[in-house]
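J.: This is the structure I want to talk about, given as structure tokens.
The values are calculated or read from the model by the stated rules, or taken from the named source; none is laboratory data. No experiment lies behind these values; they were computed from the predicted model shown. Here the Cβ positions follow ideal geometry from the backbone for every residue, glycine too, while neighbour counts run over all protein chains shown.
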Amino acid sequence: MAEGSLREELREALSTIELLQAENEALRDMVSRLEALLKADSSTTGKPPSSDPIGPRKKRAERRAEARAEKRSRGKQPGAPGANLQRREPDAVAEHAPACCGSCGADLAGAQVVGKQVRQVIDLPPVMPIVTDHVSYRLRCACGAETVGGFPPEAKAPVCFGPEVRAFATYLLDRQHLPVERTAELLADLLGVKVSTGWLCAVQAEAAGRLTPFLAWLRDRLQKEPVVHADETGTAVGTTKHWVHTLTTKLLTLIAVHPKRGLEALNDIGVLAVYTGTVVHDGYASYDLFTAATHAQCNAHALRHLKSVGEAEAFSAWADQMTGILMDAKVAAEAAASAGHRRVDPGRAGVVRAGYQAALDQVFALLPIGPPPPRKARPRWSEAQRKAWNLATRLRTDAEQFLRCLDDTRVAWDNNVAERALRMVKIHDKVSGPFASLSGAEAFAALRSYLQTAANHGENLLRVLRQLFIAAPWLPLAPSGP
């Protein structure tokens, strides 16, 4: 074979090898990304714990059980207050005296009482509906004119359910998250009369309609709060994805449903558009568009991303170091807040910030000069390098937002307040499935805002629902405070 032909075949072989190597690297990169997705759970991403496979959930439960076992034994702890029921003034007294002697059998009628024991039973009476006929009379005056007596507000039809039933139905639907069908079944068993699911939906809509003044007050109050927490989660309305947004503090909770997730929705909700305090969020870019507000980001989210990056051996030490620094910021802010200080001592805050910057310098020294090139470009970056660069860049760009709690101890280190406010939305999705209509989703959001705010203030929720149907919505007597 001629030397020229051999050289040509060699060039073709080398070219094929290069193509196969590039394809192999691309496939290896794809496998690495897919493996990372398979391993991802709530501890390394923003996914809810309920979405974790059974394996990680079981291991997490075992770790928690082991941690509890190390800290304390089971049962009541020494010095802890008991949880027994407390005696109260009885409504009735039932006396139980023996009829005859347990020894000789003699009759004990009129025998001397030498001691007694008292046991109190707290129970519910049998649930029986109270049916009231409201009779309106038409009377004729001596002048010949006739005047008709009025009906109370609850008597709105020839036969209807009263405010107690309406409040209880709303409580079951929007606080205990019973599906509509099961709520109708329970009420029918209690009342002895069939309750339709359509009536339940109408009651829910009526209750939400009565909340207009409460929601206006709530939005106005949130605009004046020094710190609010914001978050959002997806939900299904029919077959369309919508977003449930929350703006909340420790005492105030506003929940709203919107077809959009970003700026349009946040403007329509009507708080952040004029807000000038500090908003705590998870770093979603739309929040940063509200430039009149100060921003703080959730460090719990950062820890989850650090754990994910730290799974790569090259970045494990850095992830541990940055995790420790963020935890130091938490401890310092909480200690300062407990001592009544509005900000962390500048010396201690300076140490945290110096460690934060040193950790960033360390990770960028481990990385090629960024930003990462396209995935097919050469030289290639591994998936671990991309994840580390993305997180480190975010931590560097938004450093003041992650460390905001050092400058203002009213600002929480994490965004758990907002995440807890949205947790019941996911419970509703699991138990009752998607919302049938946008109006139904909006009614649920309004009632959750009302009930959660009342619960934050320690109110009896059945009482505030009863008040909603009888008179006007409950409102806190005093400002919520920071």
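J.: In region 453-465, which residue that is touching a residue at least 40 places away in the same chain (Cβ under 8 Å) and either aromatic (Phe, Trp, Tyr) or surrounded by fewer than 20 Cβ atoms within 10 Å (Cβ to Cβ) (or both) is nearest to Ala169 (Cα to Cα)?
T.: Checking each candidate, the answer is Leu462.
J.: Next up: Within region 143-184, track down each residue that is closer than 28 Å to Pro434 by Cα and either among the small types (Gly, Ala, Ser) or part of a loop (DSSP other than H, G, I, E, B) (or both).
T.: Phe161, Ala167, Ala169, Arg175, Gln176, His177, Leu178, Pro179, Ala184
J.: Determine whether Leu139 is free of Cβ contacts under 8 Å to residues at least 24 places away in the same chain and not assigned by TED's automatic domain parsing to the domain that holds Tyr450.
T.: yes
J.: List every residue pair whose Cβ atoms sit under 7 Å apart, with the two residues 6 or more apart in sequence or on different chains, where the first one lies in region 12-39 and is not assigned by TED's automatic domain parsing to the domain that holds Lys387 and surrounded by 10 or more Cβ atoms within 10 Å (Cβ to Cβ) and the second, anywhere, is part of a helix (DSSP H, G or I) and at pLDDT 70 or above.
T.: These pairs meet every condition: Asp29/Glu383; Ser32/Glu383; Arg33/Glu383; Ala36/Glu383.
J.: A follow-up question, please. For Val227, which of the numbered conditions (1) under 21 Å from Met424 (Cβ atoms); (2) crowded, with 18+ Cβ neighbours inside 10 Å fails to hold?
T.: Failed condition: (1).
J.: Answer yes or no: is there a residue in region 189-207 that is under 20 Å from the mean Cα position of the chain (by Cα) and of a type in the set (A, V, I, L, M, F, W, C).
T.: No - not one qualifying residue is present in region 189-207.
J.: What's the number of the condition Leu367 fails, among (1) free of Cβ contacts under 8 Å to residues at least 24 places away in the same chain; (2) more than 28 Å from the chain's Cα centre (by Cα)?
T.: Only one criterion in (1) free of Cβ contacts under 8 Å to residues at least 24 places away in the same chain; (2) more than 28 Å from the chain's Cα centre (by Cα) is unmet by Leu367, namely (1).
J.: For region 424-452, which residues satisfy the criterion of being outside any helix (DSSP H, G or I) and buried (at least 18 other Cβ atoms within 10 Å of the Cβ)?
T.: Scanning region 424-452 gives a single hit, Phe435.
J.: Of all residues in region 86-142, count the ones that are outside any loop (DSSP other than H, G, I, E, B) and exposed (fewer than 10 other Cβ atoms within 10 Å of the Cβ).
T.: Residues flagged as outside any loop (DSSP other than H, G, I, E, B) and exposed (fewer than 10 other Cβ atoms within 10 Å of the Cβ) within region 86-142 amount to 4.
J.: Still on this structure, I have one more. Limited to region 294-341, what total is found for residues that are surrounded by 21 or more Cβ atoms within 10 Å (Cβ to Cβ) and not in a helix (DSSP H, G or I)?
T.: Result for region 294-341: 4.
J.: Let me spell it out: the conditions are (1) hydrophobic (A, V, I, L, M, F, W, C); (2) assigned to a loop (DSSP other than H, G, I, E, B); (3) surrounded by 22 or more Cβ atoms within 10 Å (Cβ to Cβ), and Leu477 meets all of them except one. Which number is the exception?
T.: (3)
For every residue, the table says whether it meets (1) surrounded by 17 or more Cβ atoms within 10 Å (Cβ to Cβ); (2) not acidic (Asp, Glu).
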residue	(1), (2)
Ala358	no, yes
Asp361	no, no
Pro368	no, yes
Pro371	no, yes
Arg375	no, yes
Ala388	yes, yes
Leu395	yes, yes
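J.: Looking at region 427-473, which of its residues are aromatic (Phe, Trp, Tyr) and over 17 Å from Leu247 (Cα atoms)?
T.: Residues satisfying the conditions are Phe435, Phe469.
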